1. How high is the relative contact order of the range 81-176, given as a whole-number percent (alpha carbon pairs under 8 Å, six or more residues apart)?
2. Output ³J(HN,Hα) for the range 533-550: one whole-Hz value per residue in order, computed from phi by the Karplus curve 6.51 cos²θ - 1.76 cosθ + 1.60 with θ = phi - 60°, and x for Gly and Pro.
3. Expressed as a rounded percentage, what relative contact order does the range 1-120 have, with Cα pairs under 8 Å and six or more residues apart?
4. Given axes a ≥ b ≥ c from the Cα gyration tensor, I'd like to know whether the range 509-598 is rounded (a/c under 1.5), prolate (a/b larger than b/c) or oblate.
5. Mind putting a number on the dipole of the range 132-235 about its Cα centre? Charges go on the C-beta only, +1 for Lys and Arg and -1 for Asp and Glu, and I need it in Debye to the nearest 20.
6. Pop out the ³J(HN,Hα) list for the range 46-56 in order, Karplus 6.51 cos²θ - 1.76 cosθ + 1.60 with θ = phi - 60°, rounded to Hz; leave Gly and Pro as x.
7. For the range 125-256, rounded, prolate or oblate, judged on the Cα gyration tensor with a ≥ b ≥ c (square roots of eigenvalues), a/c < 1.5 rounded, else prolate if a/b > b/c?
8. Quote the charge dipole size of the range 152-295 about the Cα centre in Debye, to the nearest 20; the model charges only the Cβ of Lys and Arg (+1) and of Asp and Glu (-1).
Amino acid sequence: MSSSQLYPFERNRYYPGKMLTSADLLAEQNYHINKNRFLNGLLYGKGIICGLGVVGLDDYSVLIESGAAIDGSGREIVVEKSVVKKLSAIEGFDELKGDVLLLKARYHEEAVHSVYSVNHKEDENEYEYNRIAESYEFFLTEDEEQEAVFDEEDFLLRETLFKNENYTGTVTVPKAASVGKTLKIVLEIQKTGTEETSLTCRGVLEMPLFLTPEGEHELDIGVSEVSLKKGESLKKEYWVKVMETEEKETELILRSGSVSAFEDEQAVNVTSHFSLRVLLSDLPPLAIVSRLSGEINLEKRNGEYTEDAVSLARIRLLRNTGSYIIDSIEEGEVKSFILSPSGGLLRDNYLSYYVKDAELKMEQPAVSAVTSVSGKKTEFSNIASGVLEVPLGRNAREGDIRYSGEIAHGLGPGNVYINVGYNYVADDPRMGTDQKSTIYGNPEIFSRKNDVLTDVETAVKVLEEKGTFVVGVRLLHQVDYLVLSFRWVAIRFPSGEESEFTEDYYDKSISVDTPTVVLAAKESHFFGVRFNNMKKCSITYELTAPGSGEISSDGIYTAPSRDGVYEIRIYCTDMPVICTYAYAIVKKKMSKSTEEEEAPAHTNGNGGAL
């Protein structure tokens, strides 16, 4: 960012008889110029508005296309027509000895239109420049890491998993999450050393209010035998879903002792424990991001960019003694573009090839290799229906089996009954037109000589935990169709809190994933619960004695400051008779073998020793 101060803004005050000097007129210009640059930087930021593509013409020269950009001080860089430049003629080339260069553009002013100064004094110049031309210039620098467009600390939480001379591993998660929405957790491996080695690492994150795609509260993270060069990084993404909850915050806890890292089979020093506190909100993700970005103060925004110049391309060279040739030109990771309002219509048109309009309603989905249509609830909260298609392909024969994609019925997880009916269109002589009909059961019963029916057998597989289903179809006759259409109806049977609890407690229990843990003072641990022969229900955690530490409503236990063995009672909120116990041994950290020797026996689901 330029060191010149654009604000606070000061403008001329005019009054009768005021004598205007060159300083007053210059102040008038600066007011409007600085106001414009201030708004450019604040509203649009730094980057390319349009054009400025870089194309290699031959082994020595590049073509820089016309275009416009805004630099880090809010100044416009306008290249009015395409320019051909020999690389060795661009500023900075002679001083650079590396094989990878960055081509940049920066704002440049030049005084023009020399005129005679009528009132010049004897010791002043006889001629003055009458205009200032706003222009640009290109230059080359060494390749460098691209600057971030925002301070990540304002948006993200980051903790280190391990670190040594060659590799660093970190876990990153957003500061805030939307209840009921998905969230990305990133494991990043960075190569900081030059030694050629491979890395393997693993760890376990405990997530009381987050669920993996498999419905678990634990997330295994890690990589296997990764080899990187210095400066390279590998990012591995994990997507989890935020549970519906009234809690305002939660924690992601690195399970104590779960991290292991090896570099060429040599152990790497790892972090034993950390927790990331994530805020929870009912706001959608866009509103959360908008709020966090809007909270960045003006001082931080002023220091957002380290330089004014705009990067155009990375150019790789093949150098020989006293000569060079251009090997490649890369633009993708170098350029930063500004989303201008004038390009909104064009962007929306192109986005239609990537994102389906949420308001677009299709009676039938397009034929694809896997077809799935989510159901829509009717006015009855426990009933849903929809239409699906099962593609057959061109070579479907009698006895062949085909499957639909995985379909969400919209009634949520649990006990759901689904019936599937064959959808077809046939001529109806009584109506004198084609009529659409649906047959539930075996279509062969309704087959007549004049009807053209595809006789099929159907079966439905309901995935109760996920709230989805899959339809299987077996052909009873040879067909010429490419796709079959079906209508489905789903009915959800009340269970849990929706009906009176009349089930027997026999054979139903809950158990703790890790009934006994060894913790240091003030260390945290999440006590995850498994449900045995019963469906998931609301869980309550409580300490059985005062001074035993703290336990949150979502099962995060924080150890007290003094050593001891502390008991935590865990039970079903609506069925307190179904309960279990967990134990926290609080003492100074010791070796893993010593912990195993001194830890008490695990308990079963009802609290008894095994």
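Throughout, read-outs are computed from the coordinates displayed, never taken from laboratory work. This one's a predicted model, so the numbers in the text were calculated from it and none came from an experiment. Positions of Cβ are generated from backbone atoms using ideal geometry, with glycine treated the same way; all protein chains shown enter the neighbour counts.
1. 26
2. 6, 7, 7, 5, 9, 5, 10, 10, 10, 8, 8, 8, 8, x, x, 8, x, 9
3. Once normalised by length, the contact order is 18 percent.
4. prolate
5. 500
6. In residue order, the calculated couplings are 9, x, 8, 8, 7, x, 6, x, 10, 10, x Hz.
7. It is oblate, given that a/c is not under 1.5 and a/b is not larger than b/c.
8. 300
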